[in-house]
Amino acid sequence: MIRRFRADLHIHTVLSACADLEMSPGAIVRVAKKRKIDLIGITDHNSTLQCSVVKELAEEAGLAVLCGTEVTTREEVHCLAYFKDLGTLEEFQEYIDLHLPSIPYSPEQFGYQAVVDRDEKIVDLIEDYLNVGISRSIDQVEQEVHRLGGLFVPAHIERPLFGIFSQLGFIPDKLNCDGMGIMSQSIESDIRNRFMLKRDVPLVKASDAHVLHMIGSGCTVFEMNEITFDEIYKALKCIDGRKTFIE
């Protein structure tokens with residue numbers, strides 16, 4: 001039976017230097033549940049290390065999690081990548097680590113990159129700055145995501161920085177996107193007209209939350225039988241009556 005699920009698929013944790021320290025796994029889960037969100041996406045900058053703890057806590061609370069990351073490509077385009085299981089997620093993390101430049105930074109100036117456990121205790125501090133472009137192009141990143149069976153969604157395409165249009169000026173013909181991310185305050189029709197996007201290109205509105213009060217400020221509704229990776233894929237592709245729409 002087709003049901004409707006509210007999803008916010010672009011949320012940062014304390015692992016992202018630009019996120020507030022209040023963005024702990026437990027706090028994210030509590031706020032998402034309070035705001036009647038059914039599915040959240042965890043997408044820290046160039047890292048997947050906080051996903052497993054969020055997923056563990058969310059499952060205990062009856063909240064679904066799509067694990068992923070926000071990759072910065074060589075062209076400095078921010079792209080969301082999501083994966084079916086923690087095994088492929090770990091493989092993609094190895095790919096990022098292989099191509100991420102080692103750039104020390106000042107956490108006092110840019111923010112801490114903390115990995116925390118379920119009790120909000122810090123278990124690691126990442127020393128190399130994560131919010132930088134890796135040495136692979138957007139095409140190469142997309143191909144690796146799909147090689148691992150993941151979903152590839154350029155993030156906040158209308159942003160004047162780090163969006164696909166601001167950085168490239170166009171969508172490469174051979175780029176295989178499973179959707180296009182838009183910001184919480186944007187209007188779908190305006191974005192489609194502005195960038196001449198066809199109706200069959202799924203837009204995914206999300207909060208890009210870096211602070212707790214932003215969670216759920218942008219949501220996409222998924223019409224599907226249940227919350228599984230395969231059903232999410234079908235909804236994005238409008239297969240077997242599944243679909244998405246922006247609330």
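Within the set 115, 123, 77, the sole residue that is of a type in the set (Val, Ile, Thr) and touching a Pro at 6+ places or on another chain (Cβ under 7 Å) turns out to be 77. Residues of segment 205-247 that are of a type in the set (D, E, K, R) and either modelled with pLDDT under 95 or in a helix (DSSP H, G or I) (or both): 230, 231, 234, 237, 247.
The set of residues from segment 176-193 being surrounded by 16 or more Cβ atoms within 10 Å (Cβ to Cβ) and closer than 23 Å to residue 233 by Cα comprises 177, 178, 179, 180, 181, 182, 183, 184, 191, 192.
Quick check on residue 118: is it buried (at least 16 other Cβ atoms within 10 Å of the Cβ) and basic (Lys, Arg)?
no
Flag not set for residue 132, criterion: at pLDDT 95 or above and either under 23 Å from residue 237 (Cβ atoms) or not in a loop (DSSP other than H, G, I, E, B) (or both). Kindly indicate the residue of segment 159-169 that is under 16 Å from the mean Cα position of the chain (by Cα) and in a loop (DSSP other than H, G, I, E, B) and also farthest from residue 185 (Cα to Cα) among those meeting that condition. Looking at residues that are under 16 Å from the mean Cα position of the chain (by Cα) and in a loop (DSSP other than H, G, I, E, B), I get 162.
Residue 133 - would you say it is under 18 Å from the mean Cα position of the chain (by Cα), more than 30 Å from residue 189 (Cβ to Cβ) and among the small types (Gly, Ala, Ser)? Yes.
Where residues in segment 18-73 are assigned to a loop (DSSP other than H, G, I, E, B) and among the basic types (Lys, Arg), which of them is surrounded by the most Cβ atoms within 10 Å (Cβ to Cβ)? Per the stated criteria, the residue is 35.
Taking each residue of segment 80-91 that is farther than 20 Å from residue 138 by Cβ and looking for partners that are charged (D, E, K, R) with beta-carbon atoms closer than 9 Å, six or more apart or interchain, yields 84/230; 86/55.
The values are calculated or read from the model by the stated rules, or taken from the named source; none is laboratory data. From a predicted model like this one, the values you see are computed outputs, not experimental measurements. So basically every Cβ, Gly included, is an ideal-geometry build from the backbone, and we count neighbours across all protein chains shown.
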